[in-house]
1. Is it the case that residue 143 is in a helix (DSSP H, G or I), of a type in the set (Val, Ile, Thr) and out of contact with any helix residue (DSSP H, G or I) (no Cβ under 6 Å at 6 or more places or on another chain)?
2. Among the numbered criteria (1) part of a helix (DSSP H, G or I); (2) out of contact with any Gly (no Cβ under 6 Å at 6 or more places or on another chain); (3) surrounded by 15 or more Cβ atoms within 10 Å (Cβ to Cβ), which one does residue 174 miss?
3. Go through the range 148-168 residue by residue and tally those that are within 21 Å of the chain's Cα centre (by Cα) and part of a loop (DSSP other than H, G, I, E, B).
4. Pairs under 7 Å by beta carbon, first residue of a type in the set (Asp, Glu) in the range 147-169, partner in a helix (DSSP H, G or I), six or more apart or different chains?
5. Looking at the range 21-43, can you tell me whether even one residue there is free of Cβ contacts under 8 Å to residues at least 24 places away in the same chain and assigned to a helix (DSSP H, G or I)?
6. Taking the range 96-126 as the search range and keeping residues that are at pLDDT below 75 and either of a type in the set (D, E, K, R) or part of a helix (DSSP H, G or I) (or both), which one is surrounded by the most Cβ atoms within 10 Å (Cβ to Cβ)?
7. Can you tell me which residue among 142, 155, 93 is among the β-branched types (Val, Ile, Thr), modelled with pLDDT of 80 or more, closer than 19 Å to residue 191 by Cβ and surrounded by 12 or more Cβ atoms within 10 Å (Cβ to Cβ)?
8. Check off (1) within 30 Å of residue 156 (Cβ to Cβ); (2) surrounded by 15 or more Cβ atoms within 10 Å (Cβ to Cβ) for residue 41 and give me the number that stays unchecked.
Amino acid sequence: MSDLTRIVELFQLPFMQRALMGGILMGLMGGLLGSFTILKQLSFFSDALGHSALLGISLGLLLGLSPSSVLLPFAVLFALGVTYLLERTRLWTDALLNIVYSSSLAIGVILLTFVGQYKGGINSILFGDILAVQPGDLWVSTVLLVVCVLFVGLTLRSQILLTLHEPLAIASGISASAYRTAFIVLLALVVGASIKAISVLLISAFVVIPACAARLLSRTFTGYVITCSTTPVQIRCALGRCS
């Protein structure tokens, strides 16, 4: 009984309440987009984006800006740049993503050597700290979750067709390039917003592992998306940063 009382008292603390809300919001976002990410074979993209975030963090520190404020715009620009390269290059997708994230990671490490003084916030981004979630982070996550729900809800039939049979979707008049770009930008925003709590190192697992678990448990596409969005595995991946 005393342990239950301690848990109740613990969650009366504001930072624990923010951590709980942040974990739930990020879990729902990651699950909703992660369900399409693995089927679109973009699993390695989320990994590349997470590791390449170090470059954005380094640029923010050199410019004297908060790493958190740099991550979202950097994530979007990175996603658009990678999409452009994927459409223009003749290299395999996994090979190109490996080159991009390895190069950006190396450049980020080099830039960090030019930072004159220690910046404490970098550790929370590199290794994650869900207890550091602020009210502003919750607002950003809430807005992104609403956008994700609206995007998937309004384009569900097109997304299913593009995911399962892209040539048929293109023949039906669906703009595969526009949908792909919109999805990748939204995924980049979700990854960028979640890095602070989940960490650069675990962001790929946060997106991919719950989606794979839901895929094994589901028999229909709609059930798969719903399971992936609400599975306790996804929420535990986010709340696991508290331990």
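1. Against the criterion (in a helix (DSSP H, G or I), of a type in the set (Val, Ile, Thr) and out of contact with any helix residue (DSSP H, G or I) (no Cβ under 6 Å at 6 or more places or on another chain)), residue 143 qualifies.
2. Tallying (1) part of a helix (DSSP H, G or I); (2) out of contact with any Gly (no Cβ under 6 Å at 6 or more places or on another chain); (3) surrounded by 15 or more Cβ atoms within 10 Å (Cβ to Cβ), residue 174 fails exactly one: (1).
3. Selection size over the range 148-168: 1.
4. 166/176
5. Of the range 21-43, the ones free of Cβ contacts under 8 Å to residues at least 24 places away in the same chain are none.
No.
6. In this case the residue turns out to be 125.
7. Only one candidate passes the filter, namely 142.
8. Answer for residue 41: the failing condition is (2).
The values are calculated or read from the model by the stated rules, or taken from the named source; none is laboratory data. All figures in this text were calculated on a predicted structure; none of them were measured in a lab. Methodologically, a virtual Cβ is constructed for each residue, glycine included, from the backbone with ideal geometry; neighbour enumeration extends over all protein chains shown.
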